[in-house]
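The values are calculated or read from the model by the stated rules, or taken from the named source; none is laboratory data. Bear in mind the structure is a predicted one, so any value in this text is a computation, not a measurement. Cβ placement follows ideal geometry from the backbone for every residue including glycine, while neighbour counts extend to all protein chains displayed. Just the protein is used for accessible areas: all its heavy atoms, side chains included, with ligands, DNA and RNA removed. Shrake-Rupley method; radii C 1.70, N 1.55, O 1.52, S 1.80 Å.
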Protein chains: 2
Amino acid sequence: MNILFIMYDQLRFDYLSCAGHPHLETPNFDRVAAMGVRFTNAFCQSPICGSSRMSFYTGRYASSHGAQWNGFPLRVGEQTLGDHLRAVGMDAWLIGKTHMKADADGMARLGLAPDSVIGARQAECGFDVWVRDDGLWGEGPDGFYDEKRSPYNEYLKSKGYDGHNPWADFANAGIEDGEKASGWMFENADKPANIREEDSETPWLTSETLRFIAEAKGPWCAHVSYIKPHWPYIVPAPYHAMYGANHVLAASRHEAERADPHPVFDAFMSNKIATAFQQEDVRQKVIPAYMGLIKQCDDQLGRILDELERSGQLGQTMIVLTSDHGDYLGDHWLGEKDLFHNPSVKIPMIVYDPREPANATRGTTCDALVEAIDLAPTFLDFAGGDIPDHILEGRSLHPWLHGETTEWRSYVISEYDYSVTPMRDVVGVTNRDARLFMVFDGRYKLIHAEGGFRPMLFDLKNDPEEFHDLAKSDSYTDVIARLYDHLSAWGRRMSQRVTRSDAEINAMHGRSARRGIMPFLKDGSEVPPELTEKYRGPVAQDYVSKTGQDADDQ
Amino acid sequence: MNILFIMYDQLRFDYLSCAGHPHLETPNFDRVAAMGVRFTNAFCQSPICGSSRMSFYTGRYASSHGAQWNGFPLRVGEQTLGDHLRAVGMDAWLIGKTHMKADADGMARLGLAPDSVIGARQAECGFDVWVRDDGLWGEGPDGFYDEKRSPYNEYLKSKGYDGHNPWADFANAGIEDGEKASGWMFENADKPANIREEDSETPWLTSETLRFIAEAKGPWCAHVSYIKPHWPYIVPAPYHAMYGANHVLAASRHEAERADPHPVFDAFMSNKIATAFQQEDVRQKVIPAYMGLIKQCDDQLGRILDELERSGQLGQTMIVLTSDHGDYLGDHWLGEKDLFHNPSVKIPMIVYDPREPANATRGTTCDALVEAIDLAPTFLDFAGGDIPDHILEGRSLHPWLHGETTEWRSYVISEYDYSVTPMRDVVGVTNRDARLFMVFDGRYKLIHAEGGFRPMLFDLKNDPEEFHDLAKSDSYTDVIARLYDHLSAWGRRMSQRVTRSDAEINAMHGRSARRGIMPFLKDGSEVPPELTEKYRGPVAQDYVSKTGQDADDQ
């Protein structure tokens, strides 16, 4: 049995036909949904690539693993999916992006060489690397592509795309009058990328995946991690022209959101990407490209599914389709992700379990409150391992996959650290206070901001588009208090007792006495004599009589 | 400049003459208090040896370092005082006890050999070991002493104390009619230990300390960590006979405590050690021995102070006297530690800073709310290092030592995990819910118990002995809510972002743009042209014209 853990970057939960998008047909996503369960209330642990992914890969909340933003290294020794799966005999491979930054200082402190097997896994988030490419090879004055190797860029060069950084010059740029038309500029989003479609990022990674599937010895878990449909928003032909302004849904936004907004929301609504997406011409250029990128992902998913079917592996492969977070695309007056409205924090989560007990649920949806951290224990469960719930904070989805009922969490948590962003200074908080927490109980969504601000509150039953911040009024103090109680309980969660399992704690009971540590004996009759026998018996030498004095000597 | 960080085990804050004990004269503790500052509101992070010590040594709360009980290994890679001090050129040495358990699984996972320098420090809580002995060499059927080396036992054997475990047979046993009279039995607490006084644990460790001081090259921080006055309660002559029943203070307890007690308090009041200490004959035998052990500690402290003075090192040595927690000794119907009444959770904390700015405060007391985790940053500050406050959760005590005013914390936190104790089953909670949290704001002390219980609340202004649990009534909901707000804020603290300092975060600002990562450009005019120049320019090859199709082709 193998696991194909496919992640798309910045894919909204609702940009799939199985999730109801009216214009975007994604038959291959739908095909997996028809074989498995589509979770309709799945949330990322942090609406930002790096932090969210570290939660997927560790099965732990962002505040627990500590890598709370892009480029914050995952601390050395933090256990990953790879550690847990390898312990039960399953390999963990990376094909694509992780956005993981190694804890080079921590590795040096522990003397771990990056080129050793252990060091390499520490540096790659626990995965063995089939191919890693994080994309986003910027060409700024500080370099970035220069610092790292890009297998995709090497591939492009081997295919004759010349120049220093063909990722930027071809895969993510169009052409206009013989000049580069960079995908970094929204005005170029409607141009076809200047690349043969089969050489663009998504088909390239798919080919790497097919090569892996053909060559790998199982059991394996392969993390196939696409860089798309993440920006730059530009896609090769024919996808660039499949969708147009007539397919762009109206922005989900409301003037009420701009009236007395929460200061953090206000700051984000005023940032550069938000103001760009507030312009309708930007949306009409970008969203068709975004949809084209997803359509390309769907077609490439079809290649993988066809190959699994052809080779007879479909019946022995768990398939998961998900993303690290969504994309506002102008909804709520915002662009990018970062905050906690559903277009950003809610993620697609489709799980196909090939085993017989899952027959009961094929093609169904499940609205349980699911978190990204649930996948790691789900995979470990699938691999036949016991779940170390003193380390993994998520829960196996098996009950839902098998049509069982189970006691389940009553709220989900997501977090965001904006200390690295310009909004820290706009809001006027310290790095430590530039942190947000979301608590959602299935109906109400509370957002707490450190720094002494009021919270935000939305009632998704009566206001599913999350336009009306109820925390502005005084009528919801009970709801707010209840959600804050959830947040407090979560804050006190046991997240760092990672060196002692419940079973080990249970085994410790009574051990002190068995070791002869008994600080409660009046005369020894309190315990069986065998526990104290070594403390009795004759003494050869009386040191007291040699050296002792009594109180009268003082 | 050096640091002498002296810890006594289970020493109550109020069993010193400088702290007002009416019968116990401790002139050497008082001598340090007269040279320095005695902190009268200092608290341990967990009233249990191992967990408290891991907080001292990491500068982090128990929930942050995760070693929440004795024998829970400190996770590999968790940074310690030794890591921080060595980074600024100061050695960190251990002389005595740490109660640290190495994370052997984690070390194996990272390939760290216990006999390498890095591995040894990982296994010894960051210290280089001058001598380590944790004491408590039990002789039960499961062994314990057998598993480990005890330098103190080796010393005793070299001195002619025969038998397998002379720690148990001589240092911690008396003699009666030629038979061992074990110190594990309270009925023997009034006997002199069957050992020459100079060979007992406290003088032995003092001699090791003097040997270290004579030989060590500075700058150093030496953690001199005595096993006493921790049980077994037995002391060699002449200390065994210095105090008698007439010196035993009445137990600080009240019938009101047994009326409708909190279920967790109730369970602890019913445990074996509590019921033993509820018997007056036990107190009258044990407490004089406990006082004798402290008196011996004081005399041995005098040896160290005299030597520092004689050798001219007193003026260049910071001296700290503290303990890991207290001892109920029958107060509140309890024995041992574990809960949060002051006899257990409050600790002695005397700090002598030899430098000139501390002249203003010599011989004074300070009632600021101090936590055990404040020592690590205090030492690092003294050693001239910047304090990495993304790792260390305590704060340097320098302002208080130098007579400055400073904004300070408004509450202290202590925690206790009782999952390993029999009280877990008496209370009837899971391992995860067998956890307690104390919040004390200088007047009110709230104790929260996981598992759905009401809290406990004490008003130390009107009820300094903490007899009356105000949470039984409904009159303190505002106070309780306020303290719960503190606990919630603390629960959301940023404790695991240990790989990124504030300075590094500040340096990250603007870096994406400098790297050429700009997801907000409409046409490039938004940023200086040098940031986008590489994205412009002529293209040699037009792949679009080769492969492109437009929408009409579909």
At a probe radius of 1.4 Å, figure out the A/B buried accessible area, summed over both chains, and give it in Å² to the nearest 100.
11300
Work out from phi, with θ = phi - 60° and the Karplus expression 6.51 cos²θ - 1.76 cosθ + 1.60, the ³J(HN,Hα) of each residue of the stretch B:519-528, listed in order in whole Hz, and give x for Gly and Pro.
x, 9, 8, 7, 9, x, 6, 6, 10, x
Which of the residues in the stretch A:247-274 lose at least 20 Å² of accessible area when you go from the chain alone to all protein chains together (probe 1.4 Å)?
A:272, A:273
For the stretch B:141-209, take every pair of Cα atoms, bin their distances at 10 Å starting from 0, and report each bin as a whole percent.
21, 49, 29, 2
Peptides B:401-410, A:287-296, B:20-29, A:389-398: what's the order by average Cβ count within 10 Å, highest mean first?
A:287-296, A:389-398, B:20-29, B:401-410
Rounded to whole Hz, the Karplus (6.51, -1.76, 1.60) HN-Hα couplings of the stretch A:182-187, x for glycine and proline:
5, x, 5, 9, 4, 5
Whole-Å semi-axes of the stretch A:1-140's equivalent ellipsoid, largest first, each the root of 5 times a Cα gyration tensor eigenvalue?
30, 18, 14
Could you compute Rg(Cα) / (2.2 N^0.38 Å) for the stretch B:383-500, with N its residue count?
1.28
Would you grab the residues whose amide H sits under 5 Å from the one on residue B:132? Only those 5+ places off in sequence or on another chain, please, with H modelled 1.01 Å from N.
B:96
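Evaluate Rg over Rh across chain A, taking Cα atoms for both radii and Kirkwood's formula for Rh.
1.07
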Accessible area drop of at least 30 Å² (1.4 Å probe, protein heavy atoms): which residues of the stretch A:461-498 qualify, relative to the chain alone?
A:488, A:491, A:492, A:494, A:496, A:497
Label 7 Å along Cα→Cβ of residue A:177; the stretch A:280-298 residues with amide nitrogen under 17 Å?
none
Could you point to the residue in B:85, B:164, B:100 farthest towards the positive end of the stretch B:63-181's charge dipole, with +1 and -1 charges on the Cβ of Lys/Arg and Asp/Glu respectively?
B:85
Work out from phi, with θ = phi - 60° and the Karplus expression 6.51 cos²θ - 1.76 cosθ + 1.60, the ³J(HN,Hα) of each residue of the stretch A:424-437, listed in order in whole Hz, and give x for Gly and Pro.
3, 6, 5, 6, x, 10, 6, 3, 5, 8, 7, 9, 10, 10
Number of partner chain Cβ atoms within 10 Å, mean per residue of A:521-527:
6
Just the accessible area per residue of the stretch A:285-353, please: how many Å² with a 1.4 Å probe?
17
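For the stretch B:101-143, how big is Rg over Rh, using alpha carbon atoms and the Kirkwood form of Rh?
On the way: Rg = 12.7 Å, Rh = 11.8 Å.
Rounded to two decimals, Rg over Rh is 1.08.
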Cα-centred dipole magnitude for the stretch B:52-183, charges only on beta-carbon of K, R (+1) and D, E (-1), debye, nearest 20:
640
Work out how far the C-alpha atoms of the protein assembly as shown reach from end to end along every principal axis, then list the three figures in whole Å, largest first.
112, 64, 59
Taking amide hydrogens as modeled 1.01 Å from N in the peptide plane, which residues meet the under 5 Å criterion relative to residue A:42, leaving out close sequence neighbours?
A:347, A:370
Checked against the positive end of the charge dipole of the stretch B:331-386 (+1 on Cβ of Lys and Arg, -1 on Cβ of Asp and Glu, about the Cα centre), the farthest of B:369, B:352, B:379 is B:352
Under 5 Å, built H, 5+ apart or other chain: amide partners of residue B:253
B:332
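Run the accessible area of the protein assembly as shown with a 1.4 Å probe and give the carbon-and-sulfur part as a rounded percent. Write out the running numbers ahead of the final one.
On the way: 17400 of 36050 Å².
For the protein assembly as shown, the apolar C and S fraction of the accessible surface comes to 48 percent.
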Heavy-atom SASA rank of B:424, B:497 (probe 1.4 Å, accessible area, largest first)
B:424, B:497
Arrange the peptides A:500-508, B:448-456, B:261-269, B:8-16 so that the one whose residues have, on average, the most other Cβ atoms within 10 Å appears first.
B:8-16, B:261-269, B:448-456, A:500-508
15 Å beta-carbon shell around residue A:538, net charge (K/R +1, D/E -1)
-4
Could you pull the accessible area for residue B:142 with a 1.4 Å probe, rounded to 10 Å²?
80
Radius ratio Rg over Rh of the stretch A:353-439, counting only Cα atoms, Kirkwood formula for Rh
1.15
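Please list B:349, A:1 in order of solvent-accessible area, largest first, computed with a 1.4 Å probe with all protein chains present.
Largest accessible area first, the list is A:1, B:349.
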Can you compute the charge dipole magnitude of the stretch A:82-139 about its Cα centre, using +1 on each Lys and Arg Cβ and -1 on each Asp and Glu Cβ, nothing else charged? Give it in debye, rounded to the nearest 20.
140
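Could you work out [θ]222 nm for chain A from helices alone, using -39500 (n - 2.57) per DSSP H run of at least four and dividing by all its residues? Round to the nearest 500 deg cm²/dmol. Before the final figure, lay out each step's value.
Numbers: 19 runs with 163 residues, N = 554.
One gets -8000 deg cm²/dmol as the mean residue ellipticity at 222 nm.
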Heavy-atom surface of the stretch B:81-191, accessible at 1.4 Å and reported per residue (Å²)
37
Just to be sure I understand the interface: list residues from the stretch A:34-67 that lose 20 Å² or more of accessible area between the chain on its own and the complete protein assembly, 1.4 Å probe.
A:63, A:66
What is the mean number of Cβ atoms from other protein chains located within 10 Å of the Cβ atom of each residue in peptide A:182-190, rounded to a whole number?
5
